[in-house]
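Novice: What follows is a structure written as structure tokens; I'll ask about it next.
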Amino acid sequence: MILINYEDLLKEKNYTLIDVRTPKEFKEEPIPGAINIPLLLDEERVDVGTAYKQVSPEKAKELGVEAIAKRLPEIFREVQKHAKGRLAFYCARGGMRSGSMAALFSALGYTTWKLEGGYRAYRQYILENISLYNKDVKYYILHGKTGIGKTKILQQLEKKGYSVLDLEKIAHHKGSFFGGVCEKEEQSQKKFDSLIFDYFYKNKPEYVIAESESKRIGNVYVPEDIFQSLKNGVHLSLDTTIKHRVDIIREDYAGATIEELQNCLDKVSRYIGNGKYKEYTNMLKENKIDELSEVLMVDYYDPLYQKSIETYIYDSEIFYETLDEGVEKVVRYLNEKGIFGKEVAE
């Protein structure tokens with residue numbers, strides 16, 4: 001078994017990164033590219049921790065050994081199933097869990113590493129280096145009112161091979177009171193930061209195209225260096241017809257239930273007054289989704305975002321009636337700036 005830090009691990013190619021923490025730990029704060037082969041399951045770790053606090057460290061170790069012993073055949077099969085090259089094990093702090101697994105598989109004839117400092121050291125490394133990889137990257141920022149299709153335009157640009165940083169996709173949130181609707185799960189801050197670092201490390205972009213964001217997206221916060229780059233980039237103003245915006249909103253929230261939409265309206269209620277809240281609620285109950293979308297955009301979201309829109313000077317103002325037209329005009333603008341996509345095949 002050899003200790004290796006994350007910076008040196010990034011220079012390697014032929015290895016399998018194995019997270020031996022519990023499924024819950026892995027879900028909330030994974031290292032991208034790692035696979036989870038837990039030494040202890042969630043409930044087993046709780047039992048061990050309780051014994052450590054309420055009985056003794058010796059009793060905790062006994063329970064841990066018993067639980068691990070039962071799982072060893074399954075652990076071995078999982079490692080055999082996924083193993084390619086060296087095995088790099090990590091846990092929370094690079095302690096007993098990863099050390100015991102690395103030692104065991106080393107004894108079985110595998111070449112193993114233990115990630116020095118575990119997940120904690122990894123997290124410290126990426127937080128220190130996000131700003132480094134972001135330095136000198138030129139940002140082109142898409143601005144516009146709710147429902148104009150900024151995210152859809154970003155997606156099309158990405159398919160064409162442009163360097164796109166889709167923060168809302170990484171955050172699992174569309175950035176408004178309704179932004180979490182139709183998303184599979186909430187994002188954790190640690191996973192959000194990891195995916196941003198992973199994007200910059202893998203792509204090493206000279207420029208990125210993103211959309212204007214608040215500091216907070218859903219329940220996560222944009223790293224400060226990234227947020228400042230969003231503010232200081234080259235800004236493009238996008239706009240389309242209200243009819244097109246309603247069509248886009250309908251498509252984005254097609255999978256939403258009435259209950260989910262009502263919960264979002266409840267959150268907005270303190271900003272719109274009791275009269276409008278009742279009016280909007282009745283529209284929702286009557287399934288007048290298009291009408292509700294339009295009135296929310298015109299009466300609530302447009303005035304809210306107008307102040308933000310007016311704080312920037314725009315290098316270009318682009319109006320379109322269809323998304324294809326919007327993409328075409330943004331591409332034309334980028335090409336005029338000497339920026340070309342790679343036409344990535346779908």
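The values are calculated or read from the model by the stated rules, or taken from the named source; none is laboratory data. Just so you know, these numbers come straight off a predicted model, no measurement behind them. Glycine gets a Cβ as well: all are built from the backbone with ideal geometry, and neighbour counts include every protein chain shown. Ligands, DNA and RNA are excluded from the accessible area calculation, which covers all protein heavy atoms including side chains. Shrake-Rupley method; radii C 1.70, N 1.55, O 1.52, S 1.80 Å.
Novice: Applying the selection to region 149-163, what residues are crowded, with 23+ Cβ neighbours inside 10 Å and either farther than 17 Å from Val331 by Cβ or among the β-branched types (Val, Ile, Thr) (or both)?
Specialist: Ile153
Novice: Listed residues Thr281, Thr240; which is closer than 25 Å to Ile141 by Cα and surrounded by 11 or more Cβ atoms within 10 Å (Cβ to Cβ)?
Specialist: Numbers: Thr281 fails: closer than 25 Å to Ile141 by Cα.
Sole residue among the options that is closer than 25 Å to Ile141 by Cα and surrounded by 11 or more Cβ atoms within 10 Å (Cβ to Cβ): Thr240.
Novice: Please work out if Thr16 is out of contact with any strand residue (DSSP E or B) (no Cβ under 6 Å at 6 or more places or on another chain), among the β-branched types (Val, Ile, Thr) and surrounded by 13 or more Cβ atoms within 10 Å (Cβ to Cβ).
Specialist: Judged against the criteria, Thr16 is not a match.
Novice: Within region 19-51, work out how many residues are in a loop (DSSP other than H, G, I, E, B) and surrounded by fewer than 13 Cβ atoms within 10 Å (Cβ to Cβ).
Specialist: Going through region 19-51 one residue at a time, the tally reaches 1.
Novice: Which residue, of Tyr305, Tyr253, Tyr277, is farther than 30 Å from Ser131 by Cα, under 26 Å from the mean Cα position of the chain (by Cα) and touching a residue at least 12 places away in the same chain (Cβ under 8 Å)?
Specialist: One residue alone meets the criteria, Tyr253.
Novice: Here are Leu87, Leu108: which of them is of a type outside the set (Ser, Thr, Tyr) and at pLDDT 95 or above?
Specialist: Leu87
Novice: Restricting to region 73-94, name every residue that is farther than 17 Å from Arg21 by Cβ and either open to solvent by 50 Å² or more (accessible area, probe 1.4 Å) or touching a helix residue (DSSP H, G or I) at 6+ places or on another chain (Cβ under 6 Å) (or both).
Specialist: Pro73, Phe76, Arg77, Gln80, Lys81, Lys84, Arg86
Novice: Could we say that Val234 is surrounded by fewer than 20 Cβ atoms within 10 Å (Cβ to Cβ), in contact (Cβ under 8 Å) with a residue 60 or more places away in the chain, of a type outside the set (S, T, N, Q) and in contact with a strand residue (DSSP E or B) (Cβ under 6 Å, 6 or more places away or on another chain) here?
Specialist: Considered against the rule, which asks whether it is surrounded by fewer than 20 Cβ atoms within 10 Å (Cβ to Cβ), in contact (Cβ under 8 Å) with a residue 60 or more places away in the chain, of a type outside the set (S, T, N, Q) and in contact with a strand residue (DSSP E or B) (Cβ under 6 Å, 6 or more places away or on another chain), Val234 comes out as yes.
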